[in-house]
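Below is one structure, written out as structure tokens, with a few remarks after it.
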Amino acid sequence: MNISIKKSNYTTKQGQSAILFDCFSGKYRKKINANVYVSSEHYNQVINQISRIDPKHVSLNIALKKLDEKKDLALYNYVKEKWSNEELENFLKSGIELYSLDEYVRNEFGETKNKITHKDYINVVKVFKKHLNISKRIQFEELLDEQSILTFKINAIKDDIKQSSINSYVKKLKVIMNSAYKDGHISERFNVPESVIEEISTNPREIITYKEIEEGIAKITNIHQAQSVALFLMMLSCKGMYPADIMNYKKVERDNIDEILINELFEKGSEYIKFKKSKKSTKYKYVRITHTIKKLARILKSTFYLTHFRKYSDILAPYNDPYHIFAIDIAVNNNIYKNLWNFYQKMIKSVLNYSFTSARDSFNLILEDQEMTNQTRNILTGNITQKELTRMDITKLSDARDKMRNIEDHVNREFRTTDLVEILTNKLKLIGNNLDEITLENWKTPKSFIASINKFK
């Protein structure tokens with residue numbers, strides 16, 4: 001049996017010719033359409049490749065290579081497995097998977113992205129496939145059809161996907177498709193129908209009130225809801241943390257010579273934590289660890305050991321570390337991180353009807369109303385680098401220090417966070433979680449820790 005790959009002599013009106021498997025042995029001859037179409041003028045049959053002149057040369061050459069591999073496998077099975085002519089034909093007729101959007105995002109596109117961003121774009125492809133009811137790999141051409149994008153939007157709305165999320169998915173798909181265009185996988189630009197992306201009217205940010213949080217605590221019926229409120233208060237007390245900050249903040253070590261802010265600006269007898277202003281930023285927000293923050297950390301650390309130690313101990317900071325709650329690399333365990341926060345987002349909304357981002361909004365709105373120098377504001381908002389700090393007049397930093405303490409006190413008074421922590425602690429007792437029985441300070445040894453945890457099965 002001989003099998004060669006040839007171009008059909010027939011050319012369509014669009015100048016395309018089918019690639020064929022040409023099978024022959026003695027009197028037997030069969031030509032099988034491989035369902036790959038090429039430009040007659042750009043195809044070199046001798047080397048079975050498409051010229052670089054063709055705008056689709058990358059994806060077509062990948063397809064032609066797959067056809068070559070399929071041909072070799074067919075010949076191998078024909079000889080070794082003693083396939084019949086019919087078995088050979090059926091195998092070749094099954095065709096190949098063309099270079100898909102799935103493969104492109106996983107491979108070429110992902111090379112230029114970090115792990116988290118790459119996973120995000122892989123998820124975008126999955127979302128489109130889900131709402132277009134596509135179970136197999138999705139081809140570029142399927143998304144170049146504007147009707148497909150309209151169908152995606154209609155189906156996404158039916159599944160209660162918010163317009164803001166639809167906008168985000170479509171914009172990210174456009175990034176992928178534009179990249180594929182530049183890489184030569186598609187010959188035309190991706191166009192988004194005007195009606196798909198809609199303007200989102202943003203509601204004015206609102207400051208959550210003490211009363212609302214107090215009423216939310218009263219609604220708590222389980223430990224997970226209590227944890228969500230504690231997380232919210234932690235974010236609020238720590239200058240408007242985001243969920244990722246809760247996972248990644250670090251206790252500042254005073255003997256670190258690089259910590260100029262701590263050694264020159266902040267109070268000598270206090271301890272501090274820090275977290276990045278944003279994912280890619282090199283600037284940090286610094287937070288003084290107040291008595292209230294210590295209590296919140298204790299609540300969170302204790303309760304998360306109760307709820308997550310048995311199945312997810314690897315995401316928790318060591319039990320004898322009083323400062324940190326979690327120990328998880330978000331870049332490596334992004335799915336665990338997302339699942340965790342998706343769950344607690346639902347919990348916080350069930351009692352407060354606010355999202356965690358409201359904690360930062362509330363802090364920032366209070367900050368906007370305060371009079372202070374740009375220097376102090378930059379330090380409070382994490383908008384200053386270590387290099388910039390070294391250029392400041394150290395003698396003037398005492399005013400900034402006093403102002404920052406005043407802001408902290410103002411936030412605590414505005415939300416009465418100390419009172420709320422006590423109310424939350426009492427609520428935990430009422431629902432069967434007396435934190436006095438699992439005091440972190442008592443966890444001196446693994447034995448004492450295990451004994452404490454086992455009280456709450």
Give 162, 171, 182 a once-over and let me know the one that is over 21 Å from residue 130 (Cα atoms) and surrounded by fewer than 16 Cβ atoms within 10 Å (Cβ to Cβ). 182
Any residue in the stretch 245-264 that's not assigned by TED's automatic domain parsing to the domain that holds residue 337: show its pairings with residues that are modelled with pLDDT under 70 and assigned to a loop (DSSP other than H, G, I, E, B) at Cβ separation under 8 Å, as long as the two are six or more apart or on different chains. none
Can you find a residue that is within 27 Å of the chain's Cα centre (by Cα), in a helix (DSSP H, G or I) and not acidic (Asp, Glu) anywhere in the stretch 255-271? no
Being in the same structural domain as residue 323 (by TED's automatic domain parsing), more than 29 Å from residue 213 (Cα to Cα), in a helix (DSSP H, G or I) and modelled with pLDDT of 75 or more narrows it down to one residue among 413, 401; which is it? 401
Any residue in the stretch 54-68 that's in contact (Cβ under 8 Å) with a residue 60 or more places away in the chain and of a type in the set (Ser, Thr, Tyr): show its pairings with residues that are crowded, with 19+ Cβ neighbours inside 10 Å and not in a helix (DSSP H, G or I) at Cβ separation under 8 Å, as long as the two are six or more apart or on different chains. 59/99; 59/185; 59/186
Here are some conditions: (1) at pLDDT 90 or above; (2) within 17 Å of residue 247 (Cβ to Cβ); (3) within 21 Å of the chain's Cα centre (by Cα). Residue 346 meets all but one. Which one does it not meet? (2)
Within the stretch 358-383, the count of residues that are in contact (Cβ under 8 Å) with a residue 60 or more places away in the chain and either outside the structural domain of residue 413 (by TED's automatic domain parsing) or of a type in the set (S, T, N, Q) (or both) comes to 5
Listed by range, strands (runs of 3 or more DSSP E) wholly within the stretch 1-77 having at least 3 residues that are surrounded by 18 or more Cβ atoms within 10 Å (Cβ to Cβ) are 16-25, 28-39
Members of the stretch 17-56 that are in contact with a strand residue (DSSP E or B) (Cβ under 8 Å, 6 or more places away or on another chain) and β-branched (Val, Ile, Thr): 19, 32, 36, 38, 50
Let me spell it out: the conditions are (1) surrounded by 16 or more Cβ atoms within 10 Å (Cβ to Cβ); (2) charged (D, E, K, R); (3) within 15 Å of residue 380 (Cβ to Cβ); (4) modelled with pLDDT of 80 or more, and residue 427 meets all of them except one. Which number is the exception? (3)
Pairs, please: C-beta under 8 Å, at least 6 apart or cross-chain, first residue among the aromatic types (Phe, Trp, Tyr) and in the stretch 99-111, second assigned to a loop (DSSP other than H, G, I, E, B)? 99/185; 104/183; 104/185
Matching residues, the stretch 343-388, being farther than 19 Å from residue 414 by Cα and among the hydrophobic types (A, V, I, L, M, F, W, C): 343, 347, 348, 351, 379, 384
Residue that is nearest to residue 247 (Cα to Cα) [pool: residues in the stretch 313-327 that are among the aromatic types (Phe, Trp, Tyr) and at pLDDT 85 or above]: 326
What residue, of 87, 69, is in the same structural domain as residue 20 (by TED's automatic domain parsing), touching a helix residue (DSSP H, G or I) at 6+ places or on another chain (Cβ under 9 Å) and either on the phi > 0 side of the Ramachandran plot or not polar (S, T, N, Q) (or both)? 87
Return yes when residue 316 is free of Cβ contacts under 8 Å to residues at least 60 places away in the same chain and either loosely packed, with under 15 Cβ neighbours inside 10 Å or closer than 30 Å to residue 211 by Cβ (or both) and no when it is not. no
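The values are calculated or read from the model by the stated rules, or taken from the named source; none is laboratory data. Because the structure is predicted, anything quoted here is derived from the model rather than measured. As a convention, Cβ positions derive from the backbone with ideal geometry for all residues, glycine included, and neighbour counts pool all protein chains shown.
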